[in-house]
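A short worksheet on the structure shown next.
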Amino acid sequence: MRHLVMLSMVALCGAGAAGAQASPQPSSDVAAIRRLDSLWAQMYARHDTIVARSLYAEDLVFTSANGNQKDREQELADVRPQPGLVMDYFRTTPTQVRVHEGAAVVTGIAEWRFTWNGQTREVKRGYTITYSRDGSLGWRILAVHMGTPR
């Protein structure tokens, strides 16, 4: 009897997983997320904290490539202009956008170049961003994870 119950549970789980295949992603949602990905890069290049406040959720978790985690206010400090910092560019290449009911995930490559106190530096990192469907822009960033340097 015990084996019969276990087999029934396995069969039910398998049937549920087969029925839960990904539904087609509306192209309008994918396009919206791609626009927000571009806006995310532009806000760093332009030091635009107004956009950053609209885009980042209040409970944002931002994980840097070194594993350090920052909250929204700590990340906003990195968006703001700083003495001695000149941003040449910040751009992204989203390689994959997946939209789910109420959420979206973007993976891609972020590249930026800046001069800090006279020294120029170029950075290239993989990233993953998790969005939720809400906020004044239609979507908000809940989490950012920057990968190791490339």
(message) Let me spell it out: the conditions are (1) touching a Gly at 6+ places or on another chain (Cβ under 9 Å); (2) farther than 17 Å from residue 132 by Cβ, and residue 54 meets all of them except one. Which number is the exception?
(response) (2)
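For residues that are of a type in the set (A, V, I, L, M, F, W, C) and more than 18 Å from residue 141 (Cα to Cα), scanning just the range 71-90, find the one that is nearest to the chain's Cα centre (by Cα). Show your work before the answer.
Within the range 71-90, the subset of a type in the set (A, V, I, L, M, F, W, C) is 76-77, 79, 85-87, 90.
From what's left, more than 18 Å from residue 141 (Cα to Cα): 85-87.
Working: 85: 24, 86: 24, 87: 21 Å.
Restricting to residues being of a type in the set (A, V, I, L, M, F, W, C) and more than 18 Å from residue 141 (Cα to Cα), the top hit is 87.
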(request) Please find, within the range 67-104, the residue that is farthest from residue 132 (Cα to Cα) out of those that are β-branched (Val, Ile, Thr) and in contact (Cβ under 8 Å) with a residue 40 or more places away in the chain. (result) 92
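Could you go through the range 125-133 and let me know if any residue there is farther than 19 Å from residue 43 by Cβ, without any contact (Cβ under 8 Å) to a residue 40 or more places away in the chain and surrounded by 13 or more Cβ atoms within 10 Å (Cβ to Cβ).
The initial filter retains those residues of the range 125-133 that are farther than 19 Å from residue 43 by Cβ, namely 126, 133.
Filter once more, so that each one left must be without any contact (Cβ under 8 Å) to a residue 40 or more places away in the chain: 126, 133.
From what is left, the residues that are surrounded by 13 or more Cβ atoms within 10 Å (Cβ to Cβ) are 126, 133.
Checking the range 125-133: at least one residue is farther than 19 Å from residue 43 by Cβ, without any contact (Cβ under 8 Å) to a residue 40 or more places away in the chain and surrounded by 13 or more Cβ atoms within 10 Å (Cβ to Cβ).
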(message) Here are the criteria: (1) loosely packed, with under 15 Cβ neighbours inside 10 Å; (2) within 11 Å of the chain's Cα centre (by Cα); (3) of a type outside the set (Ser, Thr, Tyr). Tell me which single one residue 62 does not satisfy.
(response) (1)
(request) Working only within the range 32-66, note down all residues that are over 14 Å from residue 140 (Cα atoms), of a type in the set (Ser, Thr, Tyr) and in contact (Cβ under 8 Å) with a residue 40 or more places away in the chain. (result) 44, 63, 64
(message) Which residue is farthest from the chain's Cα centre (by Cα), if the candidates are limited to the range 98-107 and must be under 16 Å from residue 138 (Cα atoms) and among the β-branched types (Val, Ile, Thr)?
(response) 99
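Bear in mind that the values in this text are calculations on the coordinates, not laboratory data. Remember, it's a predicted structure, so these values are computed and weren't measured experimentally. Cβ atoms come from the backbone with ideal geometry, glycine included; neighbour counts cover every protein chain shown.
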